[in-house]
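Student: Can you keep this structure in mind? I'll have questions shortly.
What follows is calculated from the coordinates using simple rules that are stated; it is not laboratory data. Here the structure is a predicted model, which means the values were calculated and not measured. So basically every Cβ, Gly included, is an ideal-geometry build from the backbone, and we count neighbours across all protein chains shown.
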Amino acid sequence: DMIKKFSRGIRGTPVFACGRIYDPALGETVITRGVADVIVVSRGMFADPDWVLKSEEGRAADLLHCIPDCYECIQTQKTGATCAVWPYEIKKKGIWD
C-alpha cells in the first residue's frame, strides 16, 4: 500500500518492485493489483537462472529458491559466484568458470 500511495505522486514514471519476490504468483499479484509496473527478481534468478522459463511454464514448484540469509554468498564474494541452493556440481564449477 505504501508503494501504491507513493507511485500516485509520480505519474508517468514506472514503479519497480524488488526484494523477496520469490514466487511467480506473488509477482503477478503485485502487477495485477497495480502496486508496481515491473517486478525485479535478482536473487531468485541468480539461484535459478530458469526462473522466468519455469514461471511461464507454470512450474513454480520446480524453482530453486534463494535462501535470504545469503551466508554462502557473502563467504564466497571474492572466490567466484555461487549460490547455496545450487546443486553441488554447479557450485563446484562456479558460474564464472
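Student: With a 10 Å radius around each residue's Cβ, average the other Cβ atoms per peptide and rank 23-33, 38-48, highest first.
Tutor: Ranking the peptides 23-33, 38-48 by packing returns 38-48, 23-33.
Student: In whole Hz and in residue order, list the ³J(HN,Hα) couplings for region 20-35 that follow from phi through the Karplus curve 6.51 cos²θ - 1.76 cosθ + 1.60, θ = phi - 60°; x for Gly and Pro.
Tutor: Along region 20-35, the couplings run 6, 7, 9, 9, x, 5, 5, x, 5, 4, 4, 6, 5, 7, x, 5 Hz.
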